[in-house]
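See below for the structure under consideration.
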Amino acid sequence: RGRGGRSGRRGRAAPPGGDGGEAGEDRRADARSIALDAVCATLEEGAPLDAALAATQLSELKPQRRKFARKLATETLRKLAAVDRAILRAGVKVPNGGRGRLANIIRLGAVQLLVLDTPEYAAVNETTALATRQGFASSKSLVWKAVKTIAERRSELLASMEADGHEDDLPDWLSTALADAYGEASGELQASLQSAPCLDISVRAGEPVTEWAAKLGGKVLAGNTVRLRAGAGDVRVMPGFEQGAWWVQGAAAASAAPLALVNAPRSVIDLCAAPGGKTMQLACALANTGAGTESDETAVRVTAIDSSARRARLLRRNLERLKIEDRVRVKVCDARALDDEDSVGTADAVLLDAPCSATGTLRRHPNIAYQLQPRDVSRLCALQRELLLAAADMTTPESDAVLLYVTCSILPAECEDQVDWFLSENTGWRRQAITPDEAPLAADEALTAQGDLRFLPQHSAASGGLDGIFVARLVRV
């Protein structure tokens, strides 16, 4: 229970009496206020959810309350459309047409009842107290009645939510794009986007994967990927994190980087590299070849390039934690304008993890559905084409140079269509099919007829699903 939010007795929710205190009288950190701040910043100001949460007092909460605040904010955004339909069915009139803090307070109450299974007394009374703390003392009777009505009709509303399809859970343009791309499978895809994601880690090359899985209470999915149990806690305090034995990385994303090493490259460039999961995979894998440090003329070289100085600092910190900073050269620049003779035309392999709509990560970042617009996808597609051409220029002119194209998008316009465009414009390149042996994770579901990897959120459903990731491998003819 969040501090400053205690009201009512255990059991039946009691209607508010009196004025409940003046607005703003309790400004201590509490989980529901933090969740509200994050939801409002995301819906009203367009902030990414992670950034919105980071700007709150989340870190001041105890671990369990911190977990609740994050889950409440995340599930409010993930289930926004479904919960809004339920509120409407309950006959609740949300103030200001569903916009603003007061409307979001009611949404948080509904999410507690319909998604998080919070007890009625807690959801009703604490949401009413939240309204008072947020300066809506004069509207707390309205809030109490709204949330109480939803509580009384909870069984009926849950049944209607279960019966609904998921096509209406996304903006019309995005739902239509997915239906056009995946046909009958789009229903399953859109339903899978409403599920919570799993937490995966990559164990560094050379470390005992099964031992780390046992020590952390997880299970090995494929290769060096371990899936941790739900609610595993703060990874930063888990064994092996500070020692650099592993790092957080989604299972599907971790499948990409090894595919760039097919021709035993001596020089690899990772474009748009931060925060560095794929860079660390490359550096650790290549270090195991026995090559010397970067100062050694025979050493394998990994160059990580990112246009953001802030993100590059995060990448460097991750490399330092793994004690492999001497194996990677980090550069902050726009890859499209790179004319460095040490980079252009020198790489045996280039991994381009292209900026994209990130629609494959909607389970982790549900705010994307409400912030992304078709014009954003068009802009990103143009950028991706420029980066593909720049990446090709960075490879050596010899045959068998590799260009690995990766996105976390589930929109073909950013994935298969971009590869088809590149090959039509650059006849000196061809697709190199990825084989089942190279892709042990969900190969039967993810390998396409063209030899690309197309991971979707519903793949490996029995194990908790995957992020939507696309990988295509191109080689010089």
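Of note:
- Distant-in-sequence amide contacts of residue 270, defined by a placed amide H-H separation under 5 Å and a gap of 5 or more residues or a different chain, comprise 303, 304, 305, 351.
- Relative contact order for segment 184-264: 33 percent, from Cα pairs under 8 Å spaced at least 6 residues apart, divided by residue count.
- Selected from 440, 465, 410, residue furthest toward positive end of dipole (segment 378-477; charges at beta carbon): 410
- Percent of alpha-carbon pairs separated by more than 15 Å within segment 101-160: 38
- A dipole drawn for the chain from +1 and -1 charges on Cβ atoms has a positive end, and of 324, 128, 76 the residue lying farthest that way is 128.
- DSSP bridge orientation in the chain - percent antiparallel, rounded to nearest 5: 55
- Principal axis box of the chain, alpha-carbon based, largest edge first, Å: 79, 46, 40
- Placing +1 on the Cβ of every Lys and Arg and -1 on the Cβ of every Asp and Glu, with nothing else charged, gives the chain a dipole about its Cα centre of roughly 2780 debye.
- Farthest toward positive dipole pole in segment 165-204 [+1 Lys/Arg, -1 Asp/Glu at C-beta], among 201, 189, 177: 201
- Reciprocal of mean inverse Cα separation for segment 361-477 (Kirkwood radius, Å): 15.3
- 3J(HN,Hα) from dihedral phi, segment 450-459, Karplus parametrisation 6.51/-1.76/1.60, rounded to Hz, x for glycine, proline: 7, x, 8, 9, 10, 6, 10, x, 7, 5
- What the chain shows is 43 Å² of accessible area per residue, with the surface traced by a 1.4 Å probe over protein heavy atoms.
- Within segment 343-382, trypsin sites (Lys or Arg not before Pro) in DSSP loop having at most 14 other beta-carbon neighbours inside 10 Å: none
- Only Lys, Arg (+1) and Asp, Glu (-1) charged, at Cβ; segment 327-477 dipole about Cα centre in debye: 460
- Distances between placed amide hydrogens fall under 5 Å for residue 347 paired with 395, 396, all partners being 5 or more residues away or on another chain.
- Hydrodynamic estimate: the Kirkwood radius of segment 26-85 over Cα pairs, inserted into Stokes-Einstein at 20 °C and 1.002 mPa s, corresponds to D of 187 µm²/s.
- Distance from the alpha carbon centroid of segment 415-473 to that of segment 137-194 works out to 31 angstrom.
- Longest DSSP-loop-exposure-free segment, GluC sites (Glu not before Pro), the chain, at most 10 other Cβ within 10 Å: 23-241
- Derived scalar couplings ³J(HN,Hα) [segment 228-239; Karplus, 6.51 cos²θ - 1.76 cosθ + 1.60; whole Hz; x for Gly, Pro]: 7, 5, 4, x, 5, x, 6, 5, 5, 9, 7, x
- In the chain, helical runs assigned H by DSSP with n ≥ 4 each contribute -39500 (n - 2.57); averaged across all residues and rounded to the nearest 500, the mean residue ellipticity at 222 nm is -12000 deg cm²/dmol.
- Table column - 3J(HN,Hα) (Hz), segment 104-112, Karplus curve with 6.51, -1.76, 1.60, x for Gly and Pro: 6, 4, 5, 4, 4, x, 5, 5, 4
- Percent carbon-and-sulfur accessible area, the chain, ignoring ligands, DNA and RNA, probe 1.4 Å: 49
The values are calculated or read from the model by the stated rules, or taken from the named source; none is laboratory data. For clarity, every value in this text was computed on a predicted model and none was experimentally measured. Reconstructed Cβ throughout: ideal geometry from the backbone, glycine too, with neighbour counts over all protein chains shown. What goes into the accessible areas is simple: the full protein's heavy atoms, side chains included, and nothing from ligands, DNA or RNA. Shrake-Rupley method; radii C 1.70, N 1.55, O 1.52, S 1.80 Å.
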